[in-house]
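Below: the structure, in structure tokens.
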Amino acid sequence: MQIHTKLPLRITLLLWLVLIITAWNIVRLATSIAWRDTLGTYAPWPGIFYIGLTGAIWALTGLVLFWGFIRGEVWSRIAILVASFIYAAWFWADRLFIQPQVRANWQFDFLLTIILLGFITVVVLDHYNYIYFIKRDL
């Protein structure tokens, strides 16, 4: 088994992004369980079930992506690209149709979404980073 000690910086940053979003959704799931009474009282429709379910789905997705990514699996390149676009679409659908009010900083969030999707796309499609995945022998 070959152990890759130093990951390229862009892959490391992408891996950290996956971990941060995964951790965020684990917290989302845990909060929906731990604070179910309070959230049940104050959370608007669709309520705590929606918060917990979406947290669980995205946490599981993130863990699978992290596992495949850290192992250098070739499928993880396309999976992370597809999952990031689906996550962005869900995030904006949630903000526009589920949350009761539009926040004042939506322009910043939109710009950040575009920048992160661009970064993910460049990292995944970059030939230099593709070499990282095909050279792995795990």
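The values are calculated or read from the model by the stated rules, or taken from the named source; none is laboratory data. Bear in mind that the values here come from a model prediction, so they are computed numbers and not experimental data. Positions of Cβ are backbone-derived with ideal geometry, glycine not excepted, and every protein chain shown enters the neighbour counts.
Summary of values
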| quantity | calculated |
| --- | --- |
| Per-region count, the range 91-133, residues within 20 Å of the chain's Cα centre (by Cα) and among the small types (G, A, S) | 2 |
| Extreme residue, farthest from V74 (Cα to Cα), among residues of the range 86-127 that are in contact (Cβ under 8 Å) with a residue 40 or more places away in the chain and acidic (D, E) | D94 |
| Test: residue in the range 6-15 that is more than 26 Å from S84 (Cα to Cα), free of Cβ contacts under 8 Å to residues at least 24 places away in the same chain and outside any helix (DSSP H, G or I) | no |
| Any hit, the range 38-54, residues being surrounded by 17 or more Cβ atoms within 10 Å (Cβ to Cβ), on the phi > 0 side of the Ramachandran plot and more than 10 Å from the chain's Cα centre (by Cα) | no |
| V82 being in a helix (DSSP H, G or I), at pLDDT below 95 and not small (G, A, S) | no |
| Failed criterion for V102 (all others in (1) among the β-branched types (V, I, T); (2) modelled with pLDDT of 85 or more; (3) not in a helix (DSSP H, G or I) hold) | (2) |
| Test result for L60, more than 23 Å from I114 (Cα to Cα), out of contact with any Leu (no Cβ under 7 Å at 6 or more places or on another chain) and free of Cβ contacts under 8 Å to residues at least 12 places away in the same chain | yes |
| Residues located in the range 34-73, provided they are of a type in the set (V, I, T) and touching a Lys or Arg at 6+ places or on another chain (Cβ under 9 Å) | I48, I51, T54 |
| Considering residues of the range 22-44 that are not aliphatic (A, V, I, L, M) and not in a helix (DSSP H, G or I) only, the residue farthest from A88 (Cα to Cα) | W35 |
| Some residue of the range 103-118 being loosely packed, with under 10 Cβ neighbours inside 10 Å, of a type in the set (F, W, Y) and on the phi < 0 side of the Ramachandran plot | no |
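Here is a yes/no grid of residues against (1) farther than 17 Å from I120 by Cα; (2) among the β-branched types (V, I, T); (3) not in a helix (DSSP H, G or I):
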{"site": "I20", "(1), (2), (3)": "no, yes, no"}
{"site": "G52", "(1), (2), (3)": "yes, no, no"}
{"site": "G62", "(1), (2), (3)": "no, no, no"}
{"site": "G68", "(1), (2), (3)": "no, no, no"}
{"site": "S76", "(1), (2), (3)": "no, no, no"}
